[in-house]
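First up is the structure itself, then whatever we jot down about it.
The values are calculated or read from the model by the stated rules, or taken from the named source; none is laboratory data. Note that this is a predicted model, so its numbers are computed, not measured. So basically every Cβ, Gly included, is an ideal-geometry build from the backbone, and we count neighbours across all protein chains shown. All accessible areas refer to the heavy atoms of the entire protein, side chains included, with ligands and DNA or RNA removed. Shrake-Rupley method; radii C 1.70, N 1.55, O 1.52, S 1.80 Å.
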Amino acid sequence: METLAPAPSASIVFKEGEPRDWTSVRTMTRSDGLDMIEDLIAEVRTSREGLDRVEHGRLGPRRVVMRPVLGYEGEVYGIKT
C-alpha cells in the first residue's frame, strides 16, 4: 500500500502493485484485521523514520512495515506500507 494525504485522511493509491482508486486506509486495513493503522501512519509521518513491527489485531498478529517517501526538503509525502 502507498498512502498519501495528511492524517486522518490518508488514502491508498496502490495495493499489491495494482493501482487503486482513492480508498480509505481505514477501510482497507480493517479487512486485514488492523484497526489502529492511523496511529502508525502518524508516527511515521512525524518521525520521518520507517517502522517494522508486529501489531495484534482482530485476526491475530500482523507484521507491519512502513517506509516514508520523503520530498526534497525532508517532508513525508507518502508512506509505503
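Within segment 54-72, the residues that satisfy the criterion of being in contact with a strand residue (DSSP E or B) (Cβ under 7 Å, 6 or more places away or on another chain), open to solvent by less than 90 Å² (accessible area, probe 1.4 Å) and touching a residue at least 12 places away in the same chain (Cβ under 8 Å) are GLU55, ARG62, VAL64, VAL65, MET66, PRO68, VAL69, LEU70. The set of residues in segment 22-47 that are in contact with a Pro (Cβ under 9 Å, 6 or more places away or on another chain), farther than 12 Å from LYS80 by Cα and at pLDDT 85 or above comprises ALA42, SER47.
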